1. Would you mind finding the one in PRO181, PRO144 that is open to solvent by 40 Å² or more (accessible area, probe 1.4 Å) and part of a helix (DSSP H, G or I)?
2. How many residues are touching a residue at least 12 places away in the same chain (Cβ under 8 Å), of a type in the set (D, E, K, R) and under 22 Å from ASP105 (Cβ atoms) when one looks only at the stretch 131-183?
3. Has the stretch 90-100 got at least one residue that is surrounded by 15 or more Cβ atoms within 10 Å (Cβ to Cβ) and without any contact (Cβ under 8 Å) to a residue 40 or more places away in the chain?
4. For the stretch 65-89, which residues satisfy the criterion of being in a loop (DSSP other than H, G, I, E, B) and either open to solvent by less than 70 Å² (accessible area, probe 1.4 Å) or within 20 Å of ALA162 (Cβ to Cβ) (or both)?
5. Looking at the stretch 91-100, is at least one residue in a helix (DSSP H, G or I) and of a type in the set (Phe, Trp, Tyr)?
6. Restricting attention to the stretch 107-137, report how many residues are polar (S, T, N, Q) and open to solvent by 40 Å² or more (accessible area, probe 1.4 Å).
7. Is it true that some residue in the stretch 197-207 is at pLDDT below 85, over 19 Å from the mean Cα position of the chain (by Cα) and closer than 25 Å to ILE78 by Cβ?
8. Within the stretch 139-169, take every residue that is of a type outside the set (A, V, I, L, M, F, W, C) and at pLDDT 85 or above and give me the one that is farthest from ALA65 (Cα to Cα).
Amino acid sequence: MSTNTPLLQTIEPDDTSTVQVPSRNTTSNTRPAVVLTPTNNNMASTPADAESGIAGILKQSAHPAALFCLYFFRTSAIVVYILCGLLTDNYVLSTVVVVVLLAMDFWNCRNVAGRTLVGLRFWNQVDDDGESYWVFESRDPSRPANPVDAKMFWIALYVFPALWLLLFVVSFLRFSLSFIPIVALALVFNLTNAVGFTYADRDAKQRWANSIASSGWNMGMGGIGGQILSGAMKNSVGRLFG
C-alpha cells in the first residue's frame, strides 16, 4: 500500500492537469463568441446595408454636410408649403417662409452643393457689350466625384421639380389660385438649377472628350491624317453630348 500512495499522488496531478487542458480549450472556444458580438454592430458599414438608410448614405458620402443641407432645404420648402396650406390660412406667413426656404435652397444648390458634390458650377455673365452668356465650370476629370454624392445630387435635382409640378397641378385643380405663384416660383428656381447643371455636365463631358480626342489622335496619328481624324472625332463627340 505504501507503493500505491506515491502513484496516486502522481496520477492525481496528471488527472487534474488533463482536466485543466480542456478548460483552457473551452475558454478559448468561448472567446470567438465574445469577439463576434461587437462585429454585429458594424454590419451597417457594408455597402449593401449602408445604402438602405439615410445614416448609411451620409456615412458613405464624402461631403455629408453639403448633402444633408441640399435635401434639408428642398424637403423643408415642400413640407412647409403643404402644412401651411392645410393648417393655416395666413397667406403672408406661408409665402414668406416658403420663399425664404426656396431662396436658400437655390443659393445652396447652385454655389455649394453643385460645386462640392459633383464639381460643377454655372452662372450668367454680361460682357462689356451688354451681351449675356452662360459660363460653366467643372472639376478635373482625373478626380471624379464620389458616386454616392453624385447619385443623390442628380436625384434631388430632378425629383423635386417633378414634385413641385405635381403640387402645381393639385393647386390648379383645387382652385387654390393664391398659392399658384409660390409653386411657380419654386418651379423657376428648381428648373433653373436642373437645366444649368445639366448643361454644365454636358459641357464638361464634351470638353473632356474633345481633349482626349485631340491628344490621343494627334499623338497616335501625326500629320494631316491625324488632324482629319481628330476633327472627325471632335465633331462626333460634340454631337453626342451637344
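The values are calculated or read from the model by the stated rules, or taken from the named source; none is laboratory data. Only a predicted model underlies this, so the values are computations on that prediction, with no experimental measurement involved. Backbone-built Cβ (ideal geometry, glycine too); neighbour counts: all protein chains shown. Remember, those area values only see protein heavy atoms, side chains included, never the ligands or the DNA or RNA. Shrake-Rupley method; radii C 1.70, N 1.55, O 1.52, S 1.80 Å.
1. On the way: PRO144 fails: part of a helix (DSSP H, G or I).
Exactly one residue qualifies, and that residue is PRO181.
2. Summing the residues that are touching a residue at least 12 places away in the same chain (Cβ under 8 Å), of a type in the set (D, E, K, R) and under 22 Å from ASP105 (Cβ atoms) in the stretch 131-183 gives 2.
3. Restricting attention to the stretch 90-100, the residues satisfying the condition of being surrounded by 15 or more Cβ atoms within 10 Å (Cβ to Cβ) are 94-95, 97-99.
Add one more test, that the residue is without any contact (Cβ under 8 Å) to a residue 40 or more places away in the chain, and what stays is 97.
Yes, there is a match, as at least one residue in the stretch 90-100 is surrounded by 15 or more Cβ atoms within 10 Å (Cβ to Cβ) and without any contact (Cβ under 8 Å) to a residue 40 or more places away in the chain.
4. From the stretch 65-89, those in a loop (DSSP other than H, G, I, E, B) are 88-89; that's our starting set.
Once the filter is applied, which keeps residues that are in a loop (DSSP other than H, G, I, E, B) and either open to solvent by less than 70 Å² (accessible area, probe 1.4 Å) or within 20 Å of ALA162 (Cβ to Cβ) (or both), the stretch 65-89 yields only THR88.
5. Filtering the stretch 91-100 down to residues in a helix (DSSP H, G or I) leaves 91-100.
Applying the additional criterion that residues be of a type in the set (Phe, Trp, Tyr) yields 91.
Looking through the stretch 91-100, at least one residue is in a helix (DSSP H, G or I) and of a type in the set (Phe, Trp, Tyr).
6. Initial filter on the stretch 107-137 (polar (S, T, N, Q)): 108, 111, 116, 124-125, 132.
Narrowing further to those that are open to solvent by 40 Å² or more (accessible area, probe 1.4 Å): 111, 124-125, 132.
Residues flagged as polar (S, T, N, Q) and open to solvent by 40 Å² or more (accessible area, probe 1.4 Å) within the stretch 107-137 amount to 4.
7. Among the residues of the stretch 197-207, not one is at pLDDT below 85, over 19 Å from the mean Cα position of the chain (by Cα) and closer than 25 Å to ILE78 by Cβ, which makes the answer no.
8. Filtering first and then ranking leaves PRO161.
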